[in-house]
Amino acid sequence: MIKNKIDKIFSKASGRKICIIGDIMLDRYLIGDVTRISPEAPVQVFDIKKTEPKLGGAANVSLNIKTLHSEPVLIGLIGKDAEGEIIKTVMKGQNQSTECLIEDANRPTTCKTRVIASSHHLLRIDSESKEEIGKSTEKKILGILDEHSDNIGIIVLQDYNKGLLTKSLIKKIINFAGRNKIKVLVDPKFENFMEYKNVFVFKPNRKELEDALGKKAKNESELEKNAVELFNKIKCTNLVLTLGEHGMKILRKEKGKIKIHTTKTHARKVSDVSGAGDTVISTIAVMLAGGASIIDAVEVANIAAGIVVEEVGIVPIVKKNLVNRIKQNNY
């Protein structure tokens, strides 16, 4: 049972450095009221009551790793702008290091501003650049990686197709990890989907699997067949397929044969699935850093996802809450 192992795993993972490379975002929430129509035009008037800045994208993965008591090393791009400064301020307030953030004056910090009134999402405003990074930025990222190579055992690649993880950089990072015996975990997006070959964990969701292969599964048998096809194409050590309320499937090889393990969801109620994928990859990374098997790592990640989806908004998984849930439910 996981409850008999969890304390030892977390003890070993405590303070272990885990590198996250990917697209950093600021999620800004404008919360207020709508009580009238503008006299200037037939539009609603939104009265702001408060503004809440939260970490998004790779920065949210970094936060989850921090709240699970491992030590994140976040490498990514921010602009030389107010939003970039907010990200640094928020991270420092969470006792996270910002030394590996790369500032680029030629592109804005990716920012998603959500306008919310009475718990209703009225509007989202995006500010971002999807232009691919240049060779000089690639060199900076690889240089930072090299500086930390002696004390990092896991690299998480968090791809949102915002231009940081180029095909060239992906290949160089995977080669770097191979030379230094570092496990690579990938949360992919469509554009670079097939570039992440020979990684330790590849974690798509069902839609990403179907989009990549260009076919939809009509039943569980077809779904597993498609997952096997992707597993063979990607040549990963472990494929973790997330299925929302239907849990997850883990594909791996044992004695030359592909084995499929299914774990059911542990959510008691679902309020908001935002950020659940970030929680899953973060928890898997921390569990692996603590010496857990891939099966145990995914089982714990599934429990963690079940906790965060019970909350409204993007919230990180907290170690104490996760351990308590595991022990209270005899997982």
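No value in this document is a laboratory result; all are computed from the given coordinates. Nothing here was measured: the structure is a model prediction, and the numbers come from that model. So basically every Cβ, Gly included, is an ideal-geometry build from the backbone, and we count neighbours across all protein chains shown.
Taking the DSSP beta bridges with both ends in the chain, the antiparallel portion is around 50 percent.
The stretch between residue 149 and residue 44 holds 32.5 nm of extra length on full extension. This uses 0.36 nm per residue minus the Cα-Cα distance. Take every DSSP beta bridge whose two residues both sit in the stretch 1-153; close to 55 percent of them are antiparallel.
Normalised by the number of residues in the stretch 1-77, the mean separation of alpha-carbon contacts (under 8 Å, six or more apart) gives a relative contact order of 41 percent. Note on residue 198/residue 220: beta-carbon distance plugged into 1/(1 + (r/R0)^6) with R0 of 35 Å gives a FRET efficiency of 0.80. The calculated FRET efficiency for residue 52 paired with residue 270, based on their beta-carbon distance and R0 = 22 Å, is about 0.50.
Compared with the rule-of-thumb size 2.2 N^0.38 Å for a compact globular protein, the chain has a Cα radius of gyration ratio of 1.01. Normalised by the number of residues in the chain, the average gap of Cα pairs under 8 Å and 6 or more apart makes the relative contact order 19 percent. Among the DSSP helices (H) of the chain, those spanning at least 15 angstrom by Cα along their long axis with an average Kyte-Doolittle hydropathy of -1.0 or more are 82-93, 135-148, 167-179, 220-234, 276-289, 294-308; this is a geometric and hydropathy rule only. For the chain, a Gaussian network of Cα nodes joined below 10 Å ranks 175, 205, 219 by mean-square fluctuation, and the top entry is 219.
Per-residue ellipticity at 222 nm computed for the chain from its helices equals -11000 deg cm²/dmol, with DSSP H segments shorter than 4 residues left out and the rest contributing -39,500 (n - 2.57). In plain terms, the chain from residue 8 to residue 320 could stretch by 110.9 nm, reckoned as 0.36 nm per residue minus the Cα-Cα distance.
Taking a spot 7 Å from the Cα of residue 97 along the direction of its beta carbon, which residues of the stretch 44-78 have an amide N less than 18 Å from it? Residues passing the 18 Å test: 59-78. Fewest neighbouring Cβ atoms within 10 Å first, the residues 196, 160, 29 line up as 29, 160, 196. Segment residue 233..residue 31, full-extension length gain: 68.2 nm, with 0.36 nm per residue of separation and the alpha-carbon distance subtracted. Arranged from fewest to most other beta-carbon atoms within 10 Å of their beta carbon, 109, 89 become 89, 109. The convex hull of the Cα atoms of the stretch 174-331, projected and averaged over all directions, covers 10.0 nm². Report, in whole Å, the centroid distance computed from the Cα atoms of the stretch 115-184 and the stretch 218-238. The stretch 115-184 and the stretch 218-238 have Cα centres separated by 25 Å.
Its relative contact order, with pairs defined as Cα atoms under 8 Å and 6+ residues apart, puts the stretch 174-287 at 20 percent. The calculated FRET efficiency for residue 330 paired with residue 310, based on their beta-carbon distance and R0 = 22 Å, is about 0.70.
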